[in-house]
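Read the structure below first, then the notes.
The values are calculated or read from the model by the stated rules, or taken from the named source; none is laboratory data. A quick note: this is a predicted structure, and the numbers were derived from the prediction, not measured. Because the Cβ atoms are built from the backbone with ideal geometry, glycine has one as well, and the counts that use them run over all protein chains shown. For the accessible areas, the whole protein counts, side chains as well, though only heavy atoms, and no ligand, DNA or RNA atoms are used. Shrake-Rupley method; radii C 1.70, N 1.55, O 1.52, S 1.80 Å.
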Amino acid sequence: MEANLVDKSVIETGEMVLNMGPQHPSTHGVLRLKIHTDGEIVSQIEPVIGYLHRCFEKHCEKLSYEQIVPFTDRCDYLASMHMDHAYSIAVEKLLDIELPDRVEYIRVIIAELQRIASHLVAVGTFGLDVGAITPFTWTIRDRERVLDLFETLCGARLLYNYIWPGGVSHDLPPKFIERTLDFLDYFDPQIDELNNLLTTNKIFIERTADVGILPPEVGINFGVSGPSLRGSGVNFDLRKNEPYSIYSKFDFDVPVGKGEMGTIGDTWDRYYVRVLEMRESAKIIRQACAELPGGDVHAALPKKIRPNAGEVYGRYESARGDVGFYIMSNGKNIPMRVKMRSPAFCNLSVLSEISEGWMISDVIAILGSLDIVLGEIDR
Amino acid sequence: MTSIFDSLQESLAFLNLDLFMLLSLISLLGGTVIFLVMAVNALVAVYFERKVSAFMQDRLGPMEVGILGFKGGKKFWGGIGQTLADAIKLLTKEDILPKSSDKFLMILAPFIIFSGAFLTFIGLPFAQNIVISDFNIGLFYIVAMSSVGVIGIILAGWSSNNKWSLYGAMRAAAQIISYEIPIGLSLLLVVIVSGSLHLGDIVQWQETNRWFIFHSPFAFLAFFIYFISTVAETNRTPFDIPEAESELVAGWMTEYSGFRWALFFLSEYANMLIVCIVASIVFLGGWLSPLHLINIFPESWYILDGPALGFFWVSLKAVILIFVMMWFRWTFPRLRVDQLMYVCWKVFIPFALANLFFVSLWELIF
Amino acid sequence: MSEYLNNIVYGVKSFLTGMKLTMDHFRNKKELVATLQYPHEKWPVPERNIGFNHSEYNLIRSRLHVDIDDCIACMQCERACPVDCIKIDSIKPPKGSEIDCGMTSNDTQKKMIVSRFTIDMSECMYCNLCVFPCPEDCIYMVGGPNAEKHEIDYEFSQYKRDGMIFEFADATDEAIRDAGGEKWLDQRDVKLAKHNDGVELKGEVKSVKPDPITAPIKTDTPISTAKPATQTSESSGELEIKSFNDISDKMCRGIAKKAFMAAKRGGKDAVAILADVAQALSDAGKMSDEIQSILDGLSASPSKAVAPAVEAGGDVKVESVPDAPEAVEMKEFDIKDLNAIEDKMARGTAKKAFIAAKRSGEDKVEAVRKALTDAGKLDTATEDLLNSFSGAAAKVSAPVEAEKLAESTEEAVVEPVGDLPLFEIADLNGIDDKMTRGMAKKIFMAGKRTGKTRTEVIADLRAGLTEAGKLDDATNTILNKLGSGN
Amino acid sequence: MTFDEIVALLDTKASGKTSVIEGKTVISVSPENWSEISAILKNESKLNFDYLMCISAYDKGDNKVYGAAYNFYSTVNNHYLEVRVEIEDGISIPSVVELWKAADWHEREAYDMMGLKFEGHPDLKRILLSDDWEGYPLRKNYKEPDYYHGLPVPKDKSYWD
């Protein structure tokens, strides 16, 4: 009798394909996720990228080495300084330039300030993803102060074109160091506030701990890097393991996920690593500011960049992870090939692996904890 | 306790209308009053919410729009005309119905939600004699009517023909129906103790004894269960999973715009007002002054209780509760849908049932 | 159980901590407010405003400015720009002439006249790269040493994209001519004309020519205005329901539209439709002079979809469109205009003649007319079309030459907008004869390599095949098909 | 391990199948040997290249030879290696997705941008460009299309030049 009530041919059960994006509040840009769901449970995720593809690598084949710098800015627009720095380091490796000390110190200070700014956005938007709005505005408020510093430094607030191959475009403005230290003094208690408001909140922990666990070996196999990998307990930071620039001079720790609230490598760990890294960055900035030497920042700027034929692979620890610039030169002033290994590209590729079996809300949280920037993924 | 309905009937008697006409006239007047209350509430509450959120987030909130050239003061009252401007914008916006939506249901849904809130106001006293119609079973009526809205939500989600809307509707249905239970159980406590479903009688009980929240430790707990459940019932953070703007875009409201969306908004804030007024009447002594917290003061002190001040006390208590709701919203992250159910079925309902049992014992013993 | 309770206790504790924090911010902590009330308060300017040294340069990236008096046209900034948003043209006075180009503020003798220095700020990406190479320090982001002269310009906006192109060169035409820049001036004028042409088009497809016959003017209204000529519809030869919008009376409009729809559904042609409409209106007793004139106007040029219509009603708004008639006259006879010809065969013939005429430099209109008459395909509609151009032809000749000149000097030839993409080589497989097919493919490849458009390639094919005597009917049909885009 | 040690080790494991590009610290492998060599790189405990940093496809500019440069890193042994696999147009390279999941998207990108085909890749399709894109943009002989889906591609700024 009951069998007749339900006509199975009419009422079908099955998976639903949900298109999250390209326009969606939580995809952090124009990312599209094809989500196969069974009710709220996600069974398969297929990220579709390329909506922000701006032909960075093709551009590079038409532009001289100096002119590429503004375009690297636009790859990771939340950590432009890191992109500049990574590219510059690769080109300098190719040119074999020795930099003045002052340049290196300035670069480190700027890069770490940028790391703070970038992590503030990452942490804030992660809060937004799990529904907490106030932490986001607080972090944006603090980031604004970093951007103010950058504005006095080079006149721009988002896309700087500041770090060049061979040096930096301008010397530090007067009082920059004082203002930076002021900012750090102001900033330390703000992290505590953030922790009280968000990090230790019970709902936040419920939402993020034990969710989207990324085992370290899977992370390495997928090429995940940066805070996302360190959240899984892998102590790997290029600043420590392969110190470039002058990072070997500074004393700082590499925070890794410890699974304090759940399992090692869960979403909460990835989030908390970023919070801790901000403190470490502040530590580095203080040391660098104390030791900042004098000198001319333009001493090593090459008149014309025309490297010998050859190639170089430069690695750099950006806010999102391991940026690589693979530059092939054929002896002209225009590179033959510039390939950018973008960290968020690899980080995103692991999304489908770690978020299957979780709910839609968790997918958002996991995506937020990977801290992707679409400009960098699509290039 | 006389109702507005009764007093209007008396005062309009001189018109010598036949009964049908008289009743229609009174209903019309009453309806207008309710609508005005809802509209003004939404205007004020939205402004209030914006300012509260802005100050909690180190911002200033709306500061530019004024009314007739008056922009308000420097800080809190700046941009006083913002919500009015928003309302005008919403009413004049293009009305969009998606091509493949179920048009009839989609048009119908906001009105169902709206009438759910609207009808609830009929039995809701704002003060001793300020109630449209005074029911014997006022509490029961309010609880029943405030759950009508969920039908509209399901219709809205279904008819939009949008997967996000559908998710929102399903979540909303599950959530609202679940949270009806702890709400009902907490209110049942009051009914057991005071022995009446009539809101006037419940306040009467509190006048002779004390605020109900201080009746016993269990009543104290019941108040919190009730209050937090109503936060969930009105779909507000941390329980706003049907809307969940970071997950479901805008949940069941995704495809709505303009006037229809404004109706949703109106009813959402009206629901907030309703649950807060019910909480203040049932648990916090209604139109009684704070002196009734514990009735130990001499008789002459109770001048604060006059009928004129009743409205003031009710609204003050309601406003404080609304502020707390906003405070929640701008502090907490959002729960996940299964955790929401966990909180309801594994925390609130066991506690509410235990409460019920112990309060009954309490009544037997004391 | 204890874990359950611990959880609840921890939760409540953490909630209270959070709520205390937000309450703190709500009540005090006003100094943290980050909002800047923009039009009333403005961003403080970083205080580094001393000189032009790289170390002292005040760094605001707001807008590029050029002190043109100091510019020596060394082109360094143009070369440095990654997005090509700077364009500099300069004219060097001939040797021995006595023109003094002036001195820069660094006491450098200028050797050239800067005839053009344009910066397109809508393309600028504020990278500051152009500032550094300048030997005379004359290009900088506003806010530099001349900050008092040029305000820091955070907020410059324009209604049109063109408005973001800033011209800094101030050399007069006289000066340029004196310095021997006639050629440059001519080229510039051609470009400007081209530009203005584009501006008038407002992005619409250039395929259908506007009606040169003046609009049917209603006798009893004093002034009537032709709507902008660009308002042509792509579906030529068809009456549109929009045409009836000019009828002022609502009732009449409704009746007319209803009749129109009915007639259209019946598959009638334009004249029959109009007759139907007129019939319906007079049946309803609504026929007035005004409507009659509108209908007359429509029937006079049924091939023009939207006849430049009369502003109906008593009060006529005079929209001054001064350029419109001129633009109409100046429009050049283009091969795409021939697409308006209904008959496929006739269209083919016409196009062939057009191309031939274009090559030999004859009058295209006459050539087409002749070819069509020879083929016996010249019907009234086509005649009208051709007539519309014959008037313009004389005036067109001058710009055509100018354009040719421009073409010879410039690489970039504007591709006609709206031309179909080049078809695939496989499309030629329909040709039966092997020899013909091979020949066609060869011609196709040659055309493709030189980047010709579809119509050009087809014209080439036709010409080539005819020459070889291989153009039979079947092939012709295939080519026609390709030409019409399917 | 230094580069020379790695080369020596590879010589003992698979002699003759790898060669060092002159003047560079880069190993060149032919596509037919690549699957064997890649397995050695990953599984040999002394090498243990567990981290595939990047696959850069490149075009030599002669319209014939394309290549992929693999940059490896070992998080355990802390050493680097760059391997190049060069092919003529049309020949496919064995995929290494089985060994390094990171290769999945990188190989798709190399296919998308440079038209390298990877044999054994589970789902080799375009990643950054749309599926119906024609040609491989990073090839030196790539010509931008005049039309995309019937829309003309604006290439000149007629009013501006």
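Within segment B:174-204, if we keep just the residues that are open to solvent by 30 Å² or more (accessible area, probe 1.4 Å) and assigned to a loop (DSSP other than H, G, I, E, B), the residue that is nearest to B:THR230 (Cα to Cα) turns out to be B:LEU197. For segment A:178-193, the set of residues classified as over 14 Å from A:LYS283 (Cα atoms) and either over 25 Å from the mean Cα position of the chain (by Cα) or open to solvent by 70 Å² or more (accessible area, probe 1.4 Å) (or both) consists of A:GLU178, A:ARG179, A:ASP192, listed by residue number. The number of residues in segment A:250-260 that are within 14 Å of another protein chain (Cβ to nearest Cβ) and either within 19 Å of D:VAL76 (Cα to Cα) or open to solvent by less than 10 Å² (accessible area, probe 1.4 Å) (or both) comes to 2.
The set of residues in segment B:125-140 that are crowded, with 20+ Cβ neighbours inside 10 Å and assigned to a helix (DSSP H, G or I) comprises B:GLY138, B:LEU139.
Residue by residue, here is whether (1) more than 14 Å from chain A (Cβ to nearest Cβ); (2) farther than 22 Å from A:MET20 by Cβ; (3) touching a His at 6+ places or on another chain (Cβ under 9 Å); (4) open to solvent by less than 40 Å² (accessible area, probe 1.4 Å) holds:
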position: B:ILE142; (1), (2), (3), (4): yes, yes, no, yes
position: B:VAL150; (1), (2), (3), (4): yes, yes, no, yes
position: B:ILE154; (1), (2), (3), (4): yes, yes, no, no
position: B:SER165; (1), (2), (3), (4): no, no, no, yes
position: B:ALA169; (1), (2), (3), (4): no, no, no, yes
position: B:ALA172; (1), (2), (3), (4): no, no, no, yes
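From (1) more than 21 Å from B:LEU108 (Cβ to Cβ); (2) modelled with pLDDT of 85 or more, pick out the condition that doesn't hold for B:TRP205. It is condition (2) that B:TRP205 fails. Of the residues in segment A:25-32, none is within 30 Å of A:PRO307 (Cβ to Cβ) and open to solvent by 30 Å² or more (accessible area, probe 1.4 Å). If the condition is being open to solvent by 10 Å² or more (accessible area, probe 1.4 Å), within 14 Å of chain D (Cβ to nearest Cβ), within 29 Å of A:LYS283 (Cβ to Cβ) and part of a helix (DSSP H, G or I), then segment A:203-249 contributes A:PRO216, A:ILE220, A:LYS240, A:ASN241. Looking only at residues in segment D:16-45 that are within 9 Å of chain A (Cβ to nearest Cβ) and touching a strand residue (DSSP E or B) at 6+ places or on another chain (Cβ under 8 Å), which one is most open to solvent (accessible area, probe 1.4 Å)? The extreme case among them is D:LYS24. Only one entry in A:TYR77, A:TYR160 is open to solvent by 10 Å² or more (accessible area, probe 1.4 Å), touching a helix residue (DSSP H, G or I) at 6+ places or on another chain (Cβ under 6 Å) and away from chain B (no Cβ under 14 Å), namely A:TYR77.
Here is the figure for segment B:223-251: residues that are closer than 23 Å to A:SER361 by Cα, among the hydrophobic types (A, V, I, L, M, F, W, C) and open to solvent by 10 Å² or more (accessible area, probe 1.4 Å) total 4. Filtering segment C:84-127 to residues that are open to solvent by 50 Å² or more (accessible area, probe 1.4 Å), of a type in the set (D, E, K, R), without any contact (Cβ under 8 Å) to a residue 40 or more places away in the chain and away from chain A (no Cβ under 14 Å) leaves C:LYS95, C:GLU98, C:ASP100, C:ASP107, C:LYS111. For segment C:13-45, a tally of residues being open to solvent by less than 80 Å² (accessible area, probe 1.4 Å) and touching a residue at least 24 places away in the same chain (Cβ under 8 Å) returns 2.
Taken over segment B:93-124, the residue count meeting the criterion of being part of a loop (DSSP other than H, G, I, E, B) and open to solvent by 20 Å² or more (accessible area, probe 1.4 Å) is 9.
Quick check: is even one residue across segment A:137-148 open to solvent by 10 Å² or more (accessible area, probe 1.4 Å), within 30 Å of C:ARG63 (Cβ to Cβ), among the acidic types (Asp, Glu) and assigned to a helix (DSSP H, G or I)? Within segment A:137-148, one or more residues are open to solvent by 10 Å² or more (accessible area, probe 1.4 Å), within 30 Å of C:ARG63 (Cβ to Cβ), among the acidic types (Asp, Glu) and assigned to a helix (DSSP H, G or I).
Evaluation of A:GLY331 against the conditions (1) touching a Pro at 6+ places or on another chain (Cβ under 6 Å); (2) more than 11 Å from every other protein chain (Cβ to nearest Cβ) shows that the sole unmet condition is (1). If you go through segment B:141-153 and keep only what is part of a helix (DSSP H, G or I) and either under 15 Å from B:ILE281 (Cα atoms) or within 15 Å of the chain's Cα centre (by Cα) (or both), you end up with B:TYR141, B:ILE142, B:VAL143, B:ALA144, B:MET145, B:SER146, B:GLY149, B:VAL150. Can you give me the number of residues within segment D:46-88 that are hydrophobic (A, V, I, L, M, F, W, C) and facing chain A (nearest Cβ under 10 Å)? Of the residues in segment D:46-88, 7 are hydrophobic (A, V, I, L, M, F, W, C) and facing chain A (nearest Cβ under 10 Å). Here A:LEU63, A:LEU113, A:LEU95 are screened, and the one residue that is in contact (Cβ under 8 Å) with a residue 60 or more places away in the chain, out of contact with any strand residue (DSSP E or B) (no Cβ under 7 Å at 6 or more places or on another chain) and open to solvent by 20 Å² or more (accessible area, probe 1.4 Å) is A:LEU95.
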